[in-house]
Each structure stands twice: as C-alpha cells, then as structure tokens.
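The values are calculated or read from the model by the stated rules, or taken from the named source; none is laboratory data. All figures in this text were calculated on a predicted structure; none of them were measured in a lab. A quick note on method: Cβ atoms are made from the backbone with ideal geometry, for glycine too, and the neighbour counts reach across all protein chains shown. Note: accessible area is taken over every heavy atom of the protein model, side chains too, but ligands, DNA and RNA are not part of it. Shrake-Rupley method; radii C 1.70, N 1.55, O 1.52, S 1.80 Å.
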Amino acid sequence: PRRSVVRAGSSSGEDGSLVITWGTSSRGPVVSSGAHPARRIVVHLDRRAARIEGVIAREPPPESSRPLWHETQALFDALNRMDVAGLAEMRLEDAELVDVDPRGLPVIVRGREEWEEYMERNLGTMASIDATLWTDVLDYRGHVHGRLGYSVVRFAQTAELPDVTIRSVCVATIVWSWRGGRWREAHRHESLEGSERIGPGDGAAGVRAEG
C-alpha cells in the first residue's frame, strides 16, 4: 500500500508563540504541540488537511502586582454594559452567585439556568427602561495560588433610573478558576454596606471604573 509521510516543523511567531506545522498520516491529520514551555501555541495543518488556528494557554500567567485585576475589571465593565452574554462567558456553568436585594438581604443564585433568569429579571429590566450603571472601585486586592485565585473588591455602584439615582457601596469576593486557558468566575459573594437615593439627574453620566 501507498506509504504516508508525516512532515513537521516549527518556528517562533512574532508574538513569541510557537507555530507548529504538521502533516498527515495514513489515518488523517495529526496535530501535536509536544512538551513546549510556551503558553501560546498556534497550529497550522498543511494543504491536505483542515486549517486550525488557536491559542492554548497551558498555565495561568505570572502573578502581577494586582492579580486578577483585569479579569475583575472586565466583569464590572460587562455588568455596567448590562451585557448578560458577556458575563456568561466569564463564569463557569456551575458557578454560584450570592447577591443582595434592594433591602440588603442575600439572594443565592445557583446554576446557569437560575442565573440567566435572575440576570434577565434585573439587568434585562434595567436595560429595557434605559437605565445606566457605572462602578467606582474604592479598594482592591487579589491573590493567585496555582489554578485558583480570588479578588476582593469594595466598590460604589450607581444606578441611574428614569425617576431616581441610587448609589450603593458593596464588597464583593470573587473566586476565580483557571479553566480552558483563562480565568473564569467560580463563585461571587456580595454584601451591601449601605445605599442612598441621590435623586433624578444628580449622578454623573457615563460608565467608569477606577482603581
């Protein structure tokens, strides 16, 4: 029978990633990244096979001076935009949320289906009445240990509704898990320090995050 030849080669991409080109065997395309220390790997198959491009993050990035700050800020940015789909992408399917209701009492939300219903009742309703959300981060700290980490955020969240503006000061503890090459929210617990009604039009317009 006709012999198949497997051809392989590698080079470094401009961004420091490893680009691997791998041929085909008698059984079809064969792709392997090997045991390379790089975190980013881009894979291309030759013309006889389908083309695959992707980024594979093997390990969490090195701990920075503000661990998980970018992930936490991205979460608040999506919340400010009332972007339920974006928030869903950042969390695990079985993530748990302990939120607070307007009276400051805890609301426990478990699982994806319950979370989606809760988000639709809250963010969906606010979006439908053209409400505006923004967040001021007052204090932040984070820590990473292997594939788990947490961030603790004290923040002031302002909700500008058609007839009133409400400013609430809260503390959130977010547990992050490294899954699928990125940090994702595994658990979030929020508590309310206090809130005040500012009155119509007294808040500043726009979305901002500081820290």
Please work out if residue 115 is of a type outside the set (Val, Ile, Thr), in a strand (DSSP E or B), open to solvent by less than 30 Å² (accessible area, probe 1.4 Å) and closer than 15 Å to residue 188 by Cβ. no
Checklist (1) in contact (Cβ under 8 Å) with a residue 12 or more places away in the chain; (2) within 21 Å of the chain's Cα centre (by Cα) applied to residue 141, failing item: (1)
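Listed here are the residues, each with its yes/no results for (1) surrounded by fewer than 17 Cβ atoms within 10 Å (Cβ to Cβ); (2) more than 17 Å from residue 84 (Cβ to Cβ); (3) at pLDDT below 95; (4) touching a Gly at 6+ places or on another chain (Cβ under 9 Å).
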| residue | (1), (2), (3), (4) |
| --- | --- |
| 144 | no, yes, no, no |
| 155 | no, yes, no, yes |
| 163 | yes, yes, yes, no |
| 176 | no, yes, no, yes |
| 183 | no, yes, no, yes |
| 202 | yes, yes, yes, no |
Just to verify a result, which residue in the stretch 86-111, among those that are at pLDDT 95 or above and assigned to a helix (DSSP H, G or I), is most open to solvent (accessible area, probe 1.4 Å)? 89
Tell me which residues, restricted to the stretch 65-82, are open to solvent by 50 Å² or more (accessible area, probe 1.4 Å) and over 12 Å from the mean Cα position of the chain (by Cα). 65, 66, 81
Options 148, 123; residue that is among the aliphatic types (A, V, I, L, M) and at pLDDT 95 or above: 148
